[in-house]
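Student: Pasting in a structure now, in structure tokens, and then I'll have a few things to ask.
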Amino acid sequence: MKKFPSTFSISLILLAIYWVFRAAMPDYSANAELDKTNFSTDRALVHVAAISKEPHAVGFPAHTKVREYIVKELQNMGLETTLQEGYTAGDWGNLSKATNILARIEGSEPGKALLLLTHYDSNPHSSLGASDAGSGVATILEGVRAFLATNTKPKNDIIILISDAEELGLNGADLFVNQHAWAKEVGLVLNFEARGSGGPSYMLIETNRGNGRLIEEFTKADPDYPMANSLVYSIYKMLPNDTDLTVFREDGDIEGLNFAFIDDHYDYHTVRDNFERLNRNSLAHQGAYLMPLLAHFSNAELENLKSLNDYVYFNVPFFKLVSYPFEWIWPMLAFAGLLFIFLMAQGFRKKTLNLPQLAKGFLPMLLVLFINILIGFYSFRFLKWCYPEYQDMLHGFTYNGHTYIAAFVFLAVGVCFWSYHKFKNISTANLLVAPLVLWLLICIAVAIYLPGSSFFIVPVLALLAAFFVLINQKRPSAYLLVFLSLPALWIYVPFIKMFPVGLGLKMMVASTLLVSLTFLLLLPVFGFYKRKRVLAVVAILIGITAILSAHFSSGFDTDNAKPSSLLYVLDSDTQTAKWATYDKVLIDWNEQFLGADKSVPEKLSEHTISSKYSSGFSFISKAPLKEIASPQIETLRDTIIGDERLIDLCITPKRAVNRLEVFTNDVPIRSATVNSIVLSDYYLKHRKRGKLVTHYISNNAYTDLQLSVPKDSTLELTVYEASNDLLQNPQFTIPKRPDNSIPMPFVLNDAILVTKTIKFD
């Protein structure tokens, strides 16, 4: 190839990469004056602003305010609303009193109903919940308003469920699915969620059977910006969280579609999940899903969405959602394999291929994979060693995380160009054999173990087409080869960003590996470049520059604040107190309480109070004894019947509290009932670290606990009672947290924790 085609081809590749991100979601523009029958992001933002003024977790004062606001907005649309209230413990042993908000639009015909779902509670204790899930509430409120403004009567009933206590254990969804009569009428659920404050919204299918009918109907609805592929749900299932829709699938066998954006993960469950930081494009994307799907599914047949057939599906620019049945997987693989064998034979016959060069072509590929996997695997470990404070961002995604992704992506690209520069004497046709062998093996593996990823064969077929061109032409068209590289670029480049964004920077190895694999698919173009060494140097320099840029933004400030934590822990049995923190790197604010005498606890007790990532205290120090009332524990019954010991006790708070957690020693719990809610046998057998139940308390309610244990056992209960009022309690003089710090999410924080143990010999 001449210099100009090389320069122009790489420009086209960069343009294709830009376009795959540009086409992923709509651009927000001020649209408050849109016609009333259209979804307006600005009108939706009004709801987000109203909902996210203060933390509104279950039991918090603002929780009631948010509920009243949503009810009023639904009533203003002319909808009759009802509240469903009750205790539930879900599958996680997390008890709470949930209050669901329900409304219904009557359809013209009998049959299954379409349910619109999101939740209105924020995560305890500091999250403002603008994205999670104020954005979902706003999307549904604005979408329903626009739908009603069309004055068209739908064929199907439309149920609106704004659930409660999702953050505590999917409790509101559990209450609805298992106790509300409307649940049996639901044919499909559309759920709107967020796991960050920005990025494109991904569609995830929840089904117990095949996804074929859901994909067909979703394609008919024809949303403008579908972001979906059959690999994403497999990744979603690996994440340490579910959504309300999981309850509909598991308990009700009801089909559903999730829509969630996951970028800017550092805001998730923090006080920075606020109105200002919610990405307007992400909110617009949610609306771009809801309106066509609402129009379609409100009139579609919802009786027959179940399918025995699965589809492979993926989105690409211009073509939107591409899908085909699983039955095509092995025929496509067989075709690719046979085509590869045919092209190999043709290449040897035409003397385009020769065995020595072909064999040497495996060396640069293996070198690229080895170096880039090594770089990716140790990248975040190295960063945490350089910047220990990153350990306190429990999300695993730092504020400058996008810069780190760019840095290691460019370093990986540099390694690719450098490696293939070292083997520049091998012809491009011979270089392609090794990637084709590798990618065919990958496609066989995913067809067996992860068939949802079988769209991987599409770029391989394009690579085989390029291989055919190179075997038959000495001077192939650069533009044709760039065109054949588009499937690889449009399918894999989004994954390069998505893996570390969705799973944390610890998954940078997925990005560097995907860069390597994608580069191999682009070898028909890059193999002809004469200045690979120059490109390697340029890419590595860009990577180093990005690392330096990330270094200069590695500190914390008002906009990008460091998570910090502080607790006062009172052992009411020994009448001793400690300061405690989850921070690995203290700041001045909490270091004044955990000063020179701080120590690393071997164990504060035999149990660790629940947190998302099972975090334990990092430091403790002695604290002054304060007059904090411990809970009153009354034994209402303690009797032996047959070989069982039945114990009934009531735990009543003597101060304003938010949370109660009960642990047991290693004694089999045959049955347990909490506030009349039976904990499942499965949960009791699989509970972790001795946790029996967590009660998220509303209105300072008591906890009634009924247990059955073997009669000869010695039961020991450890009670943790927490209130999130450390900074406001008049017995303490805790200074305000500095502006460059925020409460650490996912752990008990800014809390007074009282522990008490009771033994039944």
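The values are calculated or read from the model by the stated rules, or taken from the named source; none is laboratory data. Note that the structure is a prediction, hence the values are computed from the model and not measured. Positions of Cβ are generated from backbone atoms using ideal geometry, with glycine treated the same way; all protein chains shown enter the neighbour counts.
Student: Can you pull out every residue in the stretch 297-310 that is surrounded by fewer than 20 Cβ atoms within 10 Å (Cβ to Cβ) and closer than 28 Å to PHE147 by Cβ?
Tutor: Listed by number, the residues that qualify are ASN299, GLU301, GLU303, ASN304, LYS306, SER307.
Student: Residues in the stretch 692-706: is at least one assigned by TED's automatic domain parsing to the domain that holds LEU748, under 29 Å from the mean Cα position of the chain (by Cα), assigned to a loop (DSSP other than H, G, I, E, B) and not basic (Lys, Arg)?
Tutor: Among the residues of the stretch 692-706, at least one is assigned by TED's automatic domain parsing to the domain that holds LEU748, under 29 Å from the mean Cα position of the chain (by Cα), assigned to a loop (DSSP other than H, G, I, E, B) and not basic (Lys, Arg), which makes the answer yes.
Student: Assuming TYR313 fulfils every condition listed in (1) surrounded by fewer than 20 Cβ atoms within 10 Å (Cβ to Cβ); (2) within 30 Å of SER40 (Cα to Cα) apart from one, which condition is it?
Tutor: (1)
Student: Hey, could you check the stretch 715-761 for residues that are among the β-branched types (Val, Ile, Thr) and touching an Asp or Glu at 6+ places or on another chain (Cβ under 6 Å) and say which is surrounded by the fewest Cβ atoms within 10 Å (Cβ to Cβ)? Give the derivation first.
Tutor: Here is the first cut: in the stretch 715-761, the ones among the β-branched types (Val, Ile, Thr) are 718-719, 733-734, 742, 747, 752, 754-755, 757-758.
With the extra rule that they be touching an Asp or Glu at 6+ places or on another chain (Cβ under 6 Å), the set shrinks to 754-755, 757.
Numbers: VAL754: 24, THR755: 23, THR757: 17.
Going through the qualifying residues, I end up with THR757.
Student: Please go through (1) of a type outside the set (Phe, Trp, Tyr); (2) touching a residue at least 60 places away in the same chain (Cβ under 8 Å); (3) buried (at least 22 other Cβ atoms within 10 Å of the Cβ); (4) within 19 Å of PHE746 (Cα to Cα) for LYS691 and return the number of the only condition it doesn't satisfy.
Tutor: In the conditions (1) of a type outside the set (Phe, Trp, Tyr); (2) touching a residue at least 60 places away in the same chain (Cβ under 8 Å); (3) buried (at least 22 other Cβ atoms within 10 Å of the Cβ); (4) within 19 Å of PHE746 (Cα to Cα), LYS691 misses (3) alone.
Student: Taking the options ASN241, ASN229, name whichever one is surrounded by 24 or more Cβ atoms within 10 Å (Cβ to Cβ), under 17 Å from LEU503 (Cβ atoms) and at pLDDT below 95.
Tutor: ASN229 is the lone residue from the list that is surrounded by 24 or more Cβ atoms within 10 Å (Cβ to Cβ), under 17 Å from LEU503 (Cβ atoms) and at pLDDT below 95.
Student: Take the residues in the stretch 109-119 that are at pLDDT 95 or above and over 18 Å from the mean Cα position of the chain (by Cα); name whichever of them is farthest from ALA260 (Cα to Cα).
Tutor: LYS112
Student: So, in the stretch 31-76, how many residues would count as being in contact with a His (Cβ under 6 Å, 6 or more places away or on another chain) and either under 22 Å from ALA295 (Cα atoms) or of a type in the set (A, V, I, L, M) (or both)?
Tutor: 2
Student: Scan the stretch 58-74 and give yes if some residue there is closer than 30 Å to SER485 by Cβ and touching a strand residue (DSSP E or B) at 6+ places or on another chain (Cβ under 9 Å), otherwise no.
Tutor: no
Student: Confirm whether ALA561 is touching a Lys or Arg at 6+ places or on another chain (Cβ under 9 Å), crowded, with 20+ Cβ neighbours inside 10 Å, farther than 27 Å from GLY361 by Cα and not basic (Lys, Arg).
Tutor: yes
Student: In the stretch 104-142, what residues are among the small types (Gly, Ala, Ser), crowded, with 21+ Cβ neighbours inside 10 Å and farther than 26 Å from HIS265 by Cα?
Tutor: Step one: filter the stretch 104-142 for residues among the small types (Gly, Ala, Ser), giving 107-108, 111, 113, 122, 126-127, 129-131, 133-136, 138.
If we keep only those that are crowded, with 21+ Cβ neighbours inside 10 Å as well, we get 113, 122, 126-127, 129-131, 133-136, 138.
Within the stretch 104-142, ALA113 is the sole residue that qualifies.
Student: Here are SER511, SER516: which of them is assigned to a helix (DSSP H, G or I) and over 30 Å from PHE342 (Cβ atoms)? Please lay out each step first, then the result.
Tutor: Working: SER516 fails: over 30 Å from PHE342 (Cβ atoms).
Residue meeting the stated conditions: SER511.
Student: While we're looking at this one, here's another question. When you check ALA183 against the structure, is it small (Gly, Ala, Ser), under 19 Å from the mean Cα position of the chain (by Cα) and not assigned by TED's automatic domain parsing to the domain that holds LYS612, yes or no?
Tutor: Against the criterion (small (Gly, Ala, Ser), under 19 Å from the mean Cα position of the chain (by Cα) and not assigned by TED's automatic domain parsing to the domain that holds LYS612), ALA183 does not qualify.
Student: Is it true that some residue in the stretch 373-384 is β-branched (Val, Ile, Thr) and buried (at least 18 other Cβ atoms within 10 Å of the Cβ)?
Tutor: The answer is yes; a qualifying residue exists.
Student: With the requirement that a residue be of a type in the set (Phe, Trp, Tyr), more than 19 Å from ILE254 (Cβ to Cβ) and assigned to a helix (DSSP H, G or I), what does the stretch 290-329 give you?
Tutor: PHE326, TRP328
Student: Quick one: how many residues across the stretch 374-432 are assigned to a helix (DSSP H, G or I) and under 24 Å from the mean Cα position of the chain (by Cα)? Steps first, answer last, please.
Tutor: First, pick out the residues of the stretch 374-432 that are assigned to a helix (DSSP H, G or I): 374-386, 388-392, 401-421, 428-431.
Remaining after also requiring under 24 Å from the mean Cα position of the chain (by Cα): 376-381, 383-384, 389-392, 401-409.
Of the residues in that region, 21 qualify.
Listed here are the residues, each with its yes/no results for (1) over 38 Å from the mean Cα position of the chain (by Cα); (2) more than 28 Å from GLN728 (Cα to Cα); (3) at pLDDT 95 or above; (4) assigned by TED's automatic domain parsing to the domain that holds TYR702.
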{"residue": "SER614", "(1), (2), (3), (4)": "no, no, no, yes"}
{"residue": "SER618", "(1), (2), (3), (4)": "no, no, no, yes"}
{"residue": "ILE640", "(1), (2), (3), (4)": "yes, yes, no, yes"}
{"residue": "ASP643", "(1), (2), (3), (4)": "yes, yes, no, yes"}
{"residue": "ASN665", "(1), (2), (3), (4)": "no, yes, no, yes"}
{"residue": "PRO668", "(1), (2), (3), (4)": "no, yes, no, yes"}
{"residue": "VAL674", "(1), (2), (3), (4)": "no, yes, yes, yes"}
{"residue": "ILE677", "(1), (2), (3), (4)": "no, yes, no, yes"}
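Student: Specify which of the listed residues (PHE467, PHE423, PHE483, PHE456) is under 27 Å from LEU374 (Cα atoms) and either in contact with a Leu (Cβ under 6 Å, 6 or more places away or on another chain) or free of Cβ contacts under 8 Å to residues at least 60 places away in the same chain (or both).
Tutor: Answer to the selection: PHE456.
Student: Same structure, new question: Please go through the stretch 196-219 and give me each residue that is under 19 Å from the mean Cα position of the chain (by Cα), part of a loop (DSSP other than H, G, I, E, B) and surrounded by fewer than 24 Cβ atoms within 10 Å (Cβ to Cβ), ordered by number.
Tutor: Result: THR207, single match.
Student: Let me ask another. Could you figure out which of (1) under 17 Å from ASN100 (Cα atoms); (2) part of a helix (DSSP H, G or I) isn't true of GLU142?
Tutor: Answer for GLU142: the failing condition is (1).
Student: Name the residues in the stretch 21-49 that are part of a helix (DSSP H, G or I) and crowded, with 19+ Cβ neighbours inside 10 Å, would you?
Tutor: Once the filter is applied, which keeps residues that are part of a helix (DSSP H, G or I) and crowded, with 19+ Cβ neighbours inside 10 Å, the stretch 21-49 yields THR41, ARG43, ALA44, LEU45, HIS47, VAL48.
Student: In addition: Show the residue pairs meeting these rules: Cβ distance below 7 Å; 6+ apart or different chains; first residue within the stretch 611-633 and touching a residue at least 24 places away in the same chain (Cβ under 8 Å); second residue among the acidic types (Asp, Glu) and surrounded by 14 or more Cβ atoms within 10 Å (Cβ to Cβ).
Tutor: SER618/ASP583; PRO631/GLU721
Student: Only one of these conditions is not met by ARG145: (1) at pLDDT 95 or above; (2) surrounded by 24 or more Cβ atoms within 10 Å (Cβ to Cβ). Which number is it?
Tutor: (2)
Student: Return the residue satisfying two criteria in turn: it lies in the stretch 530-563 and is of a type in the set (S, T, N, Q) and assigned to a helix (DSSP H, G or I), and of such residues it is nearest to the chain's Cα centre (by Cα).
Tutor: Among those that are of a type in the set (S, T, N, Q) and assigned to a helix (DSSP H, G or I), it is SER549.
Student: Looking at this structure, is ASN315 within 32 Å of the chain's Cα centre (by Cα) and not small (Gly, Ala, Ser)?
Tutor: Details: within 32 Å of the chain's Cα centre (by Cα): yes; not small (Gly, Ala, Ser): yes.
Considered against the rule, which asks whether it is within 32 Å of the chain's Cα centre (by Cα) and not small (Gly, Ala, Ser), ASN315 comes out as yes.
Student: For the structure I just gave you, tell me whether LEU521 is in contact (Cβ under 8 Å) with a residue 60 or more places away in the chain, in the same structural domain as ALA412 (by TED's automatic domain parsing) and either touching a helix residue (DSSP H, G or I) at 6+ places or on another chain (Cβ under 7 Å) or not hydrophobic (A, V, I, L, M, F, W, C) (or both).
Tutor: Yes, satisfied.
Okay, residues lined up against (1) among the β-branched types (Val, Ile, Thr); (2) surrounded by fewer than 16 Cβ atoms within 10 Å (Cβ to Cβ); (3) in contact (Cβ under 8 Å) with a residue 24 or more places away in the chain:
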position: LEU594; (1), (2), (3): no, no, yes
position: ASP597; (1), (2), (3): no, yes, yes
position: ILE609; (1), (2), (3): yes, no, yes
position: LEU649; (1), (2), (3): no, no, yes
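Student: Assess whether MET332 counts as being in contact with a Leu (Cβ under 7 Å, 6 or more places away or on another chain) and part of a helix (DSSP H, G or I). Before you say what the answer is, go through the steps one by one.
Tutor: Details: in contact with a Leu (Cβ under 7 Å, 6 or more places away or on another chain): no; part of a helix (DSSP H, G or I): yes.
When the stated conditions are applied, MET332 does not pass them.
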